[in-house]
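Engineer: Sharing a structure with you now.
The values are calculated or read from the model by the stated rules, or taken from the named source; none is laboratory data. What you are looking at is a predicted structure, and each value in this text was computed from that prediction instead of being measured. Glycine gets a Cβ as well: all are built from the backbone with ideal geometry, and neighbour counts include every protein chain shown. Protein only, heavy atoms only, side chains kept; ligands, DNA and RNA dropped before computing areas. Shrake-Rupley method; radii C 1.70, N 1.55, O 1.52, S 1.80 Å.
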Amino acid sequence: MTGLVKHVFQSLVGCVFTAAMALPLVVAAEPEDELLVESSAEAEYLRWAQQMWNSLDRKTGTVELMDGVATVQVPETFYYLSPLDAQKVLVEIWGNPPGAPPLGMLFPAEVTPFDNNGWGVTIEFSADGYVSDADAAEIDYDELLKSMQKDTEEESRYRVSQGYEGIALVGWAEPPRYDSVAKKLHWAKELQFAGSAERTLNYNVRVLGRKGVLSLNFIADMSQLPDIDSNLATVMGMVDFAEGHRYRDFDPSIDKVAAYGIGALIAGKVLAKAGLLAAIFIALKKFWIILLLTVGGFVWKLISGKKTEDKNAAGTGDGTS
């Protein structure tokens, strides 16, 4: 999924850091003091969560990407976040390390970034050129998986040598499927990080265009795979290139051809050019603060209540970006 990685606690706002750092003091505290510390930490976190939620500009309707190169048609069942707001979610709320912001994020309308059962989709663009799909019908995905698992073993050894946790590619969570008419591709990998009991879902969608590829990456847990599968067609249908930038608009006399095909796109060989470590960086949800403070239910009630108030005040929304 995107060029981001789990297990790095960076760029958290001061109030959250203060709340988290205060918790170890509870161990040695008297029962009454413990309640006071927990109450203070929860209050600080709740204030921060409400402020963050209120700051997110949630859009529906038509959203233009890259000055009209592509568009996102966001139905009322989803909402879109701008690059700035998406970066807030990835770095400040979920704790991924800072990096270049995506083109935006998509969320189901009924969830928030604070919802432990929610999931989001990042949108990015790679301007590597026109990706030929001539090899799509000939790819043996079982053999491709074996090659990817071998590459991941090598990448994992490098990660460990650099002080990161090891990682294994367990297998396909969903095997690759390519729509040769819509020029859209999707697949999902099941990953296992060393030291983690839970497996990680890496779900990818690619939209081929005249001058590059749009990447939609789901940030979710393995337990959310059925929900993603049920919403996949909707998400894939939202994003497309505009006229003049579509796959069929390719002009071989002037347009650049990418140095890889469908197989390499799935295998991640493109990312591997930036270094072995970069090839396995992915963005993940991190609700460690909610779990640490055990106030997830309070956050959900606070946020969902606010959502209801916003909806009642705004009616159906303006449907535009």
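Engineer: I need the full set of residues from the range 223-259 which are open to solvent by less than 50 Å² (accessible area, probe 1.4 Å) and closer than 23 Å to Trp172 by Cα, in order please.
Structural biologist: Gln224, Leu225, Ile228, Asn231, Leu232, Val235, Met236
Engineer: Further question on the same structure: Kindly check whether there is at least one residue in the range 43-61 that is crowded, with 18+ Cβ neighbours inside 10 Å, out of contact with any helix residue (DSSP H, G or I) (no Cβ under 7 Å at 6 or more places or on another chain) and not charged (D, E, K, R).
Structural biologist: Yes, some residue in the range 43-61 is crowded, with 18+ Cβ neighbours inside 10 Å, out of contact with any helix residue (DSSP H, G or I) (no Cβ under 7 Å at 6 or more places or on another chain) and not charged (D, E, K, R).
Engineer: Follow-up. Quickly run through the range 213-236 and pick out the residues that are in contact with a Lys or Arg (Cβ under 9 Å, 6 or more places away or on another chain) and modelled with pLDDT of 95 or more. Steps first, please.
Structural biologist: So in the range 213-236, the residues in contact with a Lys or Arg (Cβ under 9 Å, 6 or more places away or on another chain) come out as 213-216, 219-222, 236.
Within the range 213-236, Val213, Leu214, Ser215, Leu216, Met236 meet the criteria.
Engineer: Let me spell it out: the conditions are (1) in contact (Cβ under 8 Å) with a residue 12 or more places away in the chain; (2) assigned to a strand (DSSP E or B), and Ser147 meets all of them except one. Which number is the exception?
Structural biologist: Failing condition for Ser147: (2).
Engineer: Within the range 260-270, can you find the residues that are part of a helix (DSSP H, G or I) and open to solvent by less than 50 Å² (accessible area, probe 1.4 Å)?
Structural biologist: Ile262, Gly263, Ala264, Leu265, Ile266, Ala267, Val270
Engineer: Please enumerate the residues belonging to the range 94-110 that are open to solvent by less than 10 Å² (accessible area, probe 1.4 Å) and modelled with pLDDT under 95.
Structural biologist: Answer for the range 94-110, where residues must be open to solvent by less than 10 Å² (accessible area, probe 1.4 Å) and modelled with pLDDT under 95: Trp94, Gly95, Asn96.
Engineer: Which condition number in (1) within 24 Å of Leu214 (Cα to Cα); (2) in contact with a Leu (Cβ under 8 Å, 6 or more places away or on another chain) is the one that Leu84 fails?
Structural biologist: The number of the failed condition is (2).
Engineer: Here's another thing I want to ask about it. Scanning the range 134-144 for residues that are part of a helix (DSSP H, G or I) and open to solvent by less than 50 Å² (accessible area, probe 1.4 Å), which turns out farthest from Asp179 (Cα to Cα)?
Structural biologist: Among those residues, the one meeting the criterion is Leu144.
Engineer: What about Asp115, is it within 20 Å of the chain's Cα centre (by Cα) and either assigned to a loop (DSSP other than H, G, I, E, B) or of a type in the set (Lys, Arg) (or both)?
Structural biologist: So Asp115 passes the test.
Engineer: Considering the range 62-102 alone, what residues qualify as being part of a loop (DSSP other than H, G, I, E, B), of a type outside the set (Ser, Thr, Tyr) and without any contact (Cβ under 8 Å) to a residue 60 or more places away in the chain? Before the answer, list the steps.
Structural biologist: Keep residues of the range 62-102 that are part of a loop (DSSP other than H, G, I, E, B), which gives 66-69, 75-77, 82, 94-102.
Next, only the ones that are of a type outside the set (Ser, Thr, Tyr) stay: 66-69, 75-76, 94-102.
Within the range 62-102, Met66, Asp67, Pro101 meet the criteria.
Engineer: Could you list, in sequence order, the residues of the range 264-282 that are modelled with pLDDT of 50 or more and in contact with a Pro (Cβ under 9 Å, 6 or more places away or on another chain)?
Structural biologist: Filtering the range 264-282 for residues modelled with pLDDT of 50 or more gives 264-269, 282.
The answer is Ile266, and nothing else.
Engineer: Can you name the residue in the range 150-181 that is in contact (Cβ under 8 Å) with a residue 40 or more places away in the chain and under 15 Å from Ile262 (Cβ atoms) and, of all such residues, is surrounded by the fewest Cβ atoms within 10 Å (Cβ to Cβ)?
Structural biologist: The extreme case among them is Ser180.
Engineer: Here's a follow-up. Yes or no: the range 304-319 includes at least one residue that is modelled with pLDDT under 90, buried (at least 16 other Cβ atoms within 10 Å of the Cβ), outside any helix (DSSP H, G or I) and of a type in the set (S, T, N, Q).
Structural biologist: There is no residue in the range 304-319 that is modelled with pLDDT under 90, buried (at least 16 other Cβ atoms within 10 Å of the Cβ), outside any helix (DSSP H, G or I) and of a type in the set (S, T, N, Q).
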